[in-house]
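The values are calculated or read from the model by the stated rules, or taken from the named source; none is laboratory data. The model shown is predicted, which means the values in this text are computed figures rather than measured ones. For neighbour counting, all protein chains shown are included, and Cβ atoms are generated from backbone atoms with ideal geometry for every residue, glycine included. To get the accessible areas, we keep the full protein, side chains included, count just its heavy atoms, and leave off ligands, DNA and RNA. Shrake-Rupley method; radii C 1.70, N 1.55, O 1.52, S 1.80 Å.
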Amino acid sequence: RGLAARWVEMAAENAANALRMRLARREGYEALLGALAEELGLPKAPERMECFDISPTQGEGTVASCVVFSREGPLKRDYRRFNIEGVTPGDDYGALRVAIARRYARIAAGEIPRPDLLVIDGGPAQIAGVIEVLSASGFGDQALIGISKVPDRKAGQERIHFPGGARPPLIPGPQSAALKAIQRIRDEAHRFAITGHRRRRAKRFNESILE
């Protein structure tokens with residue numbers, strides 16, 4: 001009663017408003033995924049997407065990132081970083097193959113679910129290397145695309161690449177809802193990779209030779 005009752009009413013109103021906002025975001029993102037499936041020729045909108053990116057390392061402390069999106073948006077609890085060792089410094093292709101191999105080893109073991117769509121930040125060369133790893137891991141039928149920027153790097157003019165050259169690269173254009181969905185997951189993977197690389201570099205530079 002009294003003040004306590006007003007607090008309960010306020011809490012219920014805030015919860016209802018938060019739920020309405022969450023549902024609106026979910027409906028908007030589901031619309032993007034529906035457009036993505038239509039434009040890419042997928043049988044249905046993906047329930048789970050994963051995107052990999054390699055941080056620009058300048059040859060040191062290579063970090064690969066994997067971000068996961070569902071129909072509701074990012075699943076941050078499922079994000080993973082991979083510290084890459086045993087690869088020639090600056091070999092982003094090799095680092096990507098190592099990260100994919102480690103991720104799909106866990107998928108093969110049943111530890112994490114398989115994505116409906118795998119997105120790679122890169123073009124035909126990166127896709128070719130990823131296909132080799134997927135085939136060797138028993139996932140040769142994995143739905144896969146790559147996204148790369150055009151030579152002048154204009155935003156909204158990215159190319160979408162398909163495995164094996166089965167389809168020519170697609171340039172959806174800046175108004176494409178499908179491109180917006182891919183850009184969102186690609187940008188999140190890039191941010192997550194950069195953050196991990198900076199933390200790893202800072203930790204190394206803050207240690208003395210005795211440590």
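Here is how the numbers come out for the structure above:
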item: Every residue from the stretch 86-97 that is open to solvent by 80 Å² or more (accessible area, probe 1.4 Å) and over 16 Å from the mean Cα position of the chain (by Cα); result: 86, 88, 89, 93
item: Number of positions in the stretch 109-126 that are in contact with a Phe, Trp or Tyr (Cβ under 8 Å, 6 or more places away or on another chain), hydrophobic (A, V, I, L, M, F, W, C) and surrounded by 18 or more Cβ atoms within 10 Å (Cβ to Cβ); result: 3
item: Residue 70 closer than 15 Å to residue 193 by Cα and hydroxyl-bearing (Ser, Thr, Tyr); result: no
item: Members of the stretch 130-143 that are open to solvent by 10 Å² or more (accessible area, probe 1.4 Å) and either in contact with a Gly (Cβ under 8 Å, 6 or more places away or on another chain) or aliphatic (A, V, I, L, M) (or both); result: 131, 133, 136, 143
item: Qualifying residue in the stretch 40-61 (condition: open to solvent by less than 20 Å² (accessible area, probe 1.4 Å), within 11 Å of the chain's Cα centre (by Cα) and of a type in the set (S, T, N, Q)); result: no
item: Pairs with Cβ under 7 Å, 6+ apart, first in the stretch 121-147 and on the phi > 0 side of the Ramachandran plot, second open to solvent by 20 Å² or more (accessible area, probe 1.4 Å) and in a helix (DSSP H, G or I); result: 138/108
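Yes or no, residue by residue, for (1) open to solvent by 80 Å² or more (accessible area, probe 1.4 Å); (2) at pLDDT 95 or above; (3) closer than 26 Å to residue 72 by Cβ; (4) among the charged types (D, E, K, R):
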site	(1), (2), (3), (4)
128	no, no, no, no
148	no, no, no, no
152	yes, no, no, yes
165	no, no, no, no
173	no, no, no, no
176	no, no, yes, no
180	yes, no, yes, yes
198	yes, no, no, yes
205	yes, no, no, no
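The rows are residues; the columns are (1) open to solvent by 50 Å² or more (accessible area, probe 1.4 Å); (2) closer than 26 Å to residue 178 by Cβ; (3) hydrophobic (A, V, I, L, M, F, W, C).
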residue	(1), (2), (3)
29	no, yes, no
37	no, yes, yes
64	no, yes, yes
69	no, yes, yes
84	no, no, yes
99	no, yes, yes
